[in-house]
Amino acid sequence: MTNASEDLFTAGPFFLQRLFPDETLYSWCARYHRLSGNRLARDTSLQLFASPTAGFWHDLPSHLGAFQKRTRQQLGDAEAICRQHTLLRYYIPFRSASLIRESIETMTGASVRDLKFRLGLPASRIGANHPLKACPTCMAEDQAATGIAYWHLEHQYPSVWVCPKHSSKLMQCTSRTKTTQRLQWVLPDMVDSDSWLHYPDLRGPGAQFAQKLAQISCDAVQPGNQNLDPTILRDCGLKAAHERGWLQDSGRANLMAIREEFLDQASGIADVPGLDFVRGAAGRDGGFLGSILRSDRAHKHPVKYLVLIAFLFDSWKKLVTFAHECGPNSDHHSLTESDHRRTLLAQKIRDNGLTVSEAARRLSLPLSKAMYWAKKDQLPFERRPRKVDGDLAREIAYGLAQGLSCEEVAQKTTASIDAVRRYRDTHGDVRAAWNAARGLRQRDAFRRDFLEVMQANPDAHQTRLRKTPGSHFDWLRKHDHEWLANQLPGLWRLA
Ligand SMILES: [Zn+2]
């Protein structure tokens, strides 16, 4: 046996087996162990990593600096191995480039103790455990093609529970690679049937969702993909929600509509290990859906982002196209609130001194949206007193009895237009007096208009006057018959 501290190649011609496509580093080490003839699992770890335990961290191992040296980089340098053959790959698009660089340094060094904390994994409900998983069909195919079943990296991604290649359910291995009593190099073909855990079958939309989630997860982590900024993802999510009519007038997400659709689409996936956090979406705050779509900038576990993407987009490519359309500098407002009425609202409030409610009414804007914009744009609006009594009530009643518009009354008093309107509509006598006064004002205005039209057309007969725009002839004939008859005695008698 080669001494643990020795160079692997000192024993003469020596060949290291290649990594299989999509194989994890741990899997390669387990195969190496089988071929090496080492009796103890720890000896293989010592040989490869210069550490008796480093190799058994099957997800995010340490000592890769020693590994690259001992293998003379025949499997690639430490960074390439981290990026392509460990679970770090899954986190790369979702964490900053500097954090990933630090993580690679950590894995190259002697301890990964705080790595999962720094990646923010234990803080999430999903946790930091990465159980070993395998697809039974891949196992059979690999066995036939290579003589051995090995661990695929794609199967180990926390949001992948269906084989992207075969659509079969992945099995979870309950044998541990590292316990206080035992270290072991486990390969899928040595796991006995009792040690495989099968999650409940998914049916209908839930099964399709799990499959889409797996495919999107694998596509998301392809090398060369851009880093996924949570702000951009949130913008894309809001834009997609907007297209489906799931945004409220205020520009906020209508969480109730979103979570209902989500619970339909993703039915049953809460029973998949590690995905039980989706149950929270049924809560009032929309659980993870709510926290991603709100302005919460904290980095979430990638599983949550990927579940959201699978819910809103057909594919990773669709999201990328969407993100490009949003543009790198797009913000939440430009996606959801690029409404010219926002500018008009600001003008009416800031320059014309209108209240928010009056400006909203004129722009046919829902009040909730106008209030939202007014607050966001810090428009100078003040809430006027809502309570109307005493002198204020008398002033309002007087103004209304003169037939003034609510706006005119509000300008003459300290009440808001809404308060005047409310007062008018809740006081029957005031309303009746206002209607009568308004009727008289309107009648007088129509009379004036009619006389103007008649003066401009001194020889016109009845039909011509009737057809002249602005003469109000029909209205006057109906409501002010006697006056009209007196103005046009000759013509009227002819009619
Ligand atoms: Zn498979």
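Number of residues in segment 88-107 that are of a type outside the set (S, T, N, Q) and outside any helix (DSSP H, G or I) equals 1.
A Cβ distance below 6 Å, combined with a sequence gap of six or more or placement on separate chains, defines the contacts here; from segment 165-187, residues that are without any contact (Cβ under 8 Å) to a residue 60 or more places away in the chain reach residues that are away from the ligand (no atom under 16 Å from the Cβ) and not in a loop (DSSP other than H, G, I, E, B) in the pairs T174/S195; T174/L197; S175/S195.
Is it the case that segment 187-195 has a residue that's at pLDDT 85 or above, farther than 30 Å from E79 by Cβ and under 20 Å from the mean Cα position of the chain (by Cα)? Scanning segment 187-195 turns up no residue that is at pLDDT 85 or above, farther than 30 Å from E79 by Cβ and under 20 Å from the mean Cα position of the chain (by Cα). Selection of segment 150-169 for residues being within 8 Å of the ligand (Cβ to nearest atom) and among the hydrophobic types (A, V, I, L, M, F, W, C) yields only C163. Taken together, the residues in segment 91-144 that are farther than 27 Å from S195 by Cβ, surrounded by fewer than 14 Cβ atoms within 10 Å (Cβ to Cβ) and either in contact with a His (Cβ under 6 Å, 6 or more places away or on another chain) or in contact (Cβ under 8 Å) with a residue 60 or more places away in the chain (or both) amount to 2. Kindly evaluate R176 against the criterion of being outside the structural domain of R34 (by TED's automatic domain parsing), of a type in the set (K, R), more than 16 Å from the ligand (Cβ to nearest atom) and surrounded by 15 or more Cβ atoms within 10 Å (Cβ to Cβ). So R176 passes the test. When the residues of segment 127-142 are filtered to those that are touching a helix residue (DSSP H, G or I) at 6+ places or on another chain (Cβ under 9 Å) and away from the ligand (no atom under 12 Å from the Cβ), the one that is farthest from Y305 (Cα to Cα) is L132. With H427, H461 as the choices, which residue is more than 30 Å from L345 (Cα to Cα), under 51 Å from the mean Cα position of the chain (by Cα) and without any contact (Cβ under 8 Å) to a residue 60 or more places away in the chain? One residue alone meets the criteria, H427.
Looking across segment 4-43, the residues that are of a type outside the set (D, E), part of a loop (DSSP other than H, G, I, E, B) and modelled with pLDDT of 90 or more come down to Q17, R18, L19, F20, P21, T24, N38, R39, L40. Being under 30 Å from G353 (Cβ atoms) and in contact with a helix residue (DSSP H, G or I) (Cβ under 9 Å, 6 or more places away or on another chain) is true of A415.
Out of all the residues in segment 150-167, is one or more closer than 23 Å to L19 by Cα, among the acidic types (D, E) and touching a helix residue (DSSP H, G or I) at 6+ places or on another chain (Cβ under 7 Å)? Among the residues of segment 150-167, at least one is closer than 23 Å to L19 by Cα, among the acidic types (D, E) and touching a helix residue (DSSP H, G or I) at 6+ places or on another chain (Cβ under 7 Å), which makes the answer yes.
Conditions tested, residue by residue: (1) closer than 23 Å to E358 by Cα; (2) modelled with pLDDT of 80 or more; (3) in a helix (DSSP H, G or I); (4) small (G, A, S).
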residue: L400; (1), (2), (3), (4): yes, yes, yes, no
residue: G403; (1), (2), (3), (4): yes, yes, no, yes
residue: D425; (1), (2), (3), (4): yes, yes, yes, no
residue: R431; (1), (2), (3), (4): yes, yes, yes, no
residue: F446; (1), (2), (3), (4): no, yes, yes, no
residue: D474; (1), (2), (3), (4): no, yes, yes, no
residue: L484; (1), (2), (3), (4): no, yes, yes, no
residue: L491; (1), (2), (3), (4): no, no, yes, no
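Tally time: how many residues in segment 108-127 are closer than 28 Å to R70 by Cβ and either among the acidic types (D, E) or in a loop (DSSP other than H, G, I, E, B) (or both)? So the count comes out to 7.
Screening L308, L228, L238, L247 for residues that are under 29 Å from S368 (Cβ atoms), crowded, with 16+ Cβ neighbours inside 10 Å and at pLDDT below 85 leaves exactly one candidate, L247.
The values are calculated or read from the model by the stated rules, or taken from the named source; none is laboratory data. Small disclaimer: the values here were computed from a predicted structure and weren't measured. Using ideal geometry, Cβ is built from the backbone for each residue, glycine included, and neighbour counts are taken over all protein chains shown.
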